[in-house]
Amino acid sequence: MMNHTLKTLTVMTACGLLTGGLLSATPVPRARDAAVATSAMGPGRALPWQDATTKTIWDGIYTEEQARRGEQVFKSECSYCHRDDLAGGFLDDGVERVPALAGPRAFGSSLAARWKDLTVVDMLATIAATMPQRKPASLTLQAYVDVVGYLFSKNKIPAGSLELPIDAEALGRLLITEKK
């Protein structure tokens, strides 16, 4: 079931369909467009697809235990390229760069800035579709979700009491924003 869900997310992302609202009855605009529209509507006004269940990464959306599991997956599947300290570097050929995944140099700026106004499902689907580099979409959905939790922890995004779910619709309601 999880591998099927992961493959579905990967295919949907590759086809550009994931953020188009296919996972809900109401078409969902890209989160970046939603942020612009929300600011144009004035403070405190939500768009129709937003509701009380929409959260941001700053609302404690993963657990410390999940981040620990993600760290184990990261060390076995990701650290060869991204390094144990997530500092990135160069591939074996000495030419291609591997981005830092934590700290002020993460993704060329920061995790929140890189993924700003997208959802966790967008981030997860992109990672799953492209990583590990030599065998994309080869991990379980739970492993990818746990790695995202680990990346959040290493980027000082606070943990909470509930784990990141493996449900695409739920992950689509978790917005990546810069710190409030």
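The values are calculated or read from the model by the stated rules, or taken from the named source; none is laboratory data. Because the structure is predicted, anything quoted here is derived from the model rather than measured. Glycine also receives a Cβ, built like all others from the backbone with ideal geometry; neighbour counts cover every protein chain displayed.
Figures for the structure shown
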{"quantity": "The one condition in (1) surrounded by 15 or more Cβ atoms within 10 Å (Cβ to Cβ); (2) part of a helix (DSSP H, G or I); (3) aliphatic (A, V, I, L, M) that A159 fails to fulfil", "calculated": "(2)"}
{"quantity": "Residue, nearest to Y62 (Cα to Cα), within the range 88-122, restricted to residues that are of a type in the set (A, V, I, L, M, F, W, C) and in contact with a strand residue (DSSP E or B) (Cβ under 9 Å, 6 or more places away or on another chain)", "calculated": "V120"}
{"quantity": "Residue within the range 168-177 that is part of a loop (DSSP other than H, G, I, E, B), closer than 21 Å to W58 by Cβ, of a type in the set (S, T, N, Q) and touching a residue at least 12 places away in the same chain (Cβ under 8 Å) present", "calculated": "yes"}
{"quantity": "So L139, is it part of a loop (DSSP other than H, G, I, E, B) and more than 18 Å from P165 (Cα to Cα)", "calculated": "no"}
{"quantity": "In the range 93-125, residue modelled with the highest pLDDT [restricted to those that are buried (at least 16 other Cβ atoms within 10 Å of the Cβ) and part of a strand (DSSP E or B)]", "calculated": "T119"}
